[in-house]
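Colleague: Just passing along the structure, written as structure tokens.
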Amino acid sequence: MDKITLDEILLKHKKWLRNEEGGEHADLRNADLSYADLRGSDLRGSDLSYSDLRYADLRYADIDYSVWPLWCGAQNVKVDERILYQLLAHICVLDCDSDSYKKIRKYLLPYARKSHRAKELGLICHGHTSPGQA
């Protein structure tokens, strides 16, 4: 996707988020965003499924409530710690009873609790660990 088209989509999405006239939800499904500079973009609620994000720069972007592509198209995406911790938090709230997952979760949990969504996801309760989440 060329930069001009992407900028237009992001501008309309920003208007959509603000309920402004001319706003439109960003549908970036199947978009080739490889190497795109999306630093600081407000991508809340955008659909990134099947997007090619390889080598895209998402540092300081807001991806809350967006669809993160779980295929090789998300390989080598540049993220900041906020996004990293958010992804780890979602891993730590999976319902998986394997011993391997439990070991991995125990290791990742201190980092996942740094997510801005940790309390909302039940990883932190009033500044303390939620019951059964240790």
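Colleague: Go through (1) part of a helix (DSSP H, G or I); (2) in the same structural domain as Ile4 (by TED's automatic domain parsing); (3) not hydrophobic (A, V, I, L, M, F, W, C) and name the single condition Arg105 misses.
Modeller: Of everything listed in (1) part of a helix (DSSP H, G or I); (2) in the same structural domain as Ile4 (by TED's automatic domain parsing); (3) not hydrophobic (A, V, I, L, M, F, W, C), Arg105 misses just condition (2).
Colleague: Let me ask another. Could you check, for the stretch 25-37, whether at least one of its residues is within 25 Å of Lys114 (Cβ to Cβ) and out of contact with any Lys or Arg (no Cβ under 8 Å at 6 or more places or on another chain)?
Modeller: Among the residues of the stretch 25-37, not one is within 25 Å of Lys114 (Cβ to Cβ) and out of contact with any Lys or Arg (no Cβ under 8 Å at 6 or more places or on another chain), which makes the answer no.
Colleague: What number of residues in the stretch 38-89 are out of contact with any Gly (no Cβ under 9 Å at 6 or more places or on another chain), among the aromatic types (Phe, Trp, Tyr) and under 26 Å from Arg105 (Cα atoms)?
Modeller: Qualifying residue count for the region: 3.
Colleague: Starting from the stretch 76-90, keep only residues that are on the phi > 0 side of the Ramachandran plot, then list their pairs with residues that are surrounded by fewer than 19 Cβ atoms within 10 Å (Cβ to Cβ) and not aromatic (Phe, Trp, Tyr) whose Cβ atoms are within a distance under 8 Å, requiring at least 6 positions of separation or different chains.
Modeller: Listed by first residue and then by second, the contacts come to Asn76/Arg54.
Colleague: Checking His13 against (1) assigned to a loop (DSSP other than H, G, I, E, B); (2) within 23 Å of Leu87 (Cβ to Cβ): exactly one of these is not met. Which one?
Modeller: Going through (1) assigned to a loop (DSSP other than H, G, I, E, B); (2) within 23 Å of Leu87 (Cβ to Cβ) one by one, His13 breaks only (1).
Colleague: Within the stretch 38-63, restricting attention to residues that are under 17 Å from Gln86 (Cα atoms), part of a loop (DSSP other than H, G, I, E, B) and in contact with a strand residue (DSSP E or B) (Cβ under 7 Å, 6 or more places away or on another chain), which residue is modelled with the lowest pLDDT?
Modeller: Per the stated criteria, the residue is Leu48.
Colleague: Sticking with this one: For the stretch 3-39, how many residues are closer than 21 Å to Val79 by Cα and loosely packed, with under 13 Cβ neighbours inside 10 Å?
Modeller: 3
The values are calculated or read from the model by the stated rules, or taken from the named source; none is laboratory data. All values reported here derive from a predicted model rather than from experimental measurement. All Cβ positions, even for glycine, are placed from backbone atoms using ideal geometry, and neighbour counts span all protein chains on display.
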